[in-house]
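Novice: Input: one structure, supplied below.
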Amino acid sequence: MHETLIDPGSGSSYAAAINDHGDVVGTDDSGAFLFTPGGGVQVLAPPVGVDAIRPTAINDRGDILAQTFSGPDQVYLRRDGRWLSIANGDAAGLNQRGQVLIQVGTAAASFELWQDGRSAAINAPDVSGVPSLTGGYLNQAGQVAFSARDSGAPNPIEAWLWSGGRYTRLRALARGASAQVEGLNDRGEVVGES
């Protein structure tokens with residue numbers, strides 16, 4: 001077992017994510033930071049025009065996913081030392097391929113899967129009324145698992161797996177019950193609550 005202790009130099013710090021190289025991203029009293037085992041702690045200056053960011057993920061390529069601290073909610077990806085504006089919304093996931101999952105829309109109506117300047121919309125199929133999506137799990141194959149329901153109605157919540165533009169409904173254990181997504185692995189297997 002290897003233990004990494006990081007002291008970014010402030011009394012209040014939060015480590016948000018770690019990759020397989022031991023690189024860590026987080027925030028402290030001075031803002032966002034990146035820790036690398038060979039370079040120590042360095043400040044992550046926010047993108048131009050943004051007051052502050054909150055890193056949420058780092059992959060083994062060194063890509064850093066970040067969210068603005070205050071509105072409007074914007075998602076940024078730091079790649080090769082430069083910030084890229086990805087979309088308005090909430091950062092939901094980053095994989096080793098550099099794909100970014102963003103929750104977008106009023107009342108969290110949909111997700112977008114972004115890669116290299118292109119994005120695919122992931123909406124709630126078969127949901128009448130105002131859709132509300134939760135979960136948003138992204139795996140290394142680019143599959144997305146999520147739950148959806150009409151935000152104006154009570155249950156049932158439906159679980160879905162999106163893969164390459166195709167939707168698969170994941171059935172609840174009992175007729176009329178909800179199916180809430182809680183996780184997704186790299187083989188496309190989904191776990192949840194029903």
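The values are calculated or read from the model by the stated rules, or taken from the named source; none is laboratory data. Predicted, not measured: the structure shown is a model, and the values here were computed from it. Every residue, glycine among them, receives a Cβ derived from its backbone with ideal geometry; neighbour counts consider all protein chains shown. For the accessible areas, the whole protein counts, side chains as well, though only heavy atoms, and no ligand, DNA or RNA atoms are used. Shrake-Rupley method; radii C 1.70, N 1.55, O 1.52, S 1.80 Å.
Novice: Just to confirm a number: summing +1 for Lys and Arg and -1 for Asp and Glu over residues other than Ala87 whose beta-carbon lies under 13 angstrom from that of Ala87, what do you get? Show your work: numbers first, answer last.
Specialist: Numbers: positive: Arg118; negative: Asp73, Asp90, Glu112.
Every neighbour counted, the sum reads -2.
Novice: Additional query: Multiply the residue separation of Asp20 and Gln115 by 0.36 nm, subtract the distance between their alpha-carbon atoms, and state the gained length in nm to one decimal.
Specialist: Working: separation 95, 0.36 × 95 = 34.20 nm, distance 2.13 nm.
Extra length from Asp20 to Gln115 when fully extended: 32.1 nm.
Novice: Below 8 Å between Cα atoms, with a sequence gap of 6+, how large is the relative contact order for the chain in percent?
Specialist: Reported relative contact order: 10 percent.
Novice: Taking all protein chains as present, what is the carbon and sulfur share of the accessible area of the chain, in % to the nearest whole number, probe 1.4 Å? Walk me through the numbers before you get to the answer.
Specialist: Values: 4830 of 10420 Å².
Taking all protein chains in place, the chain shows 46 percent carbon and sulfur surface.
Novice: Choose one of Leu65, Leu101, Tyr167: the residue whose Cα lies farthest towards the positive end of the charge dipole of the chain (beta-carbon charges +1 Lys, Arg; -1 Asp, Glu; about the Cα centre).
Specialist: Ranked along the dipole, the leading option is Tyr167.
Novice: Let me ask you something else. When the chain is treated as a GNM, springs tying every alpha-carbon pair under 10 Å, which of Asp63, Asp80, Asp150 comes out with the largest mean-square fluctuation?
Specialist: Its mean-square fluctuation being the largest, the pick is Asp80.
Novice: I've got another one for you. Output wanted: per-residue J couplings in Hz (rounded whole) for the range 16-26, from phi through Karplus 6.51 cos²θ - 1.76 cosθ + 1.60, θ = phi - 60°, x for Gly and Pro.
Specialist: 3J(HN,Hα) across the range 16-26, in whole Hz: 8, 7, 9, 9, 6, 8, x, 6, 10, 10, x.
Novice: List every residue whose amide H lies under 5 Å from the amide H of Phe33, counting only residues 5 or more places away in sequence or on a different chain, with H placed 1.01 Å from N in the peptide plane.
Specialist: Those qualifying (amide H under 5 Å, at least 5 residues apart or on another chain) are Gly26, Thr27, Asp28, Leu44.
Novice: Please build a GNM for the chain, connecting alpha carbons under 10 Å apart, and tell me which residue among Leu84, Leu138, Leu101 fluctuates the most.
Specialist: Leu84
Novice: Would you mind working out the accessible area per residue for the range 34-144, using a 1.4 Å probe, and quoting it in Å²? All intermediate terms of the calculation are to be shown ahead of the outcome.
Specialist: Numbers: 5110 Å² over 111 residues.
Value for the range 34-144: 46 Å² per residue.
Novice: Among (i) 17.7; (ii) 16.2; (iii) 18.8, only one was calculated for this model; which label is it, if the read-out is Kirkwood radius over Cα pairs in Å?
Specialist: (i)
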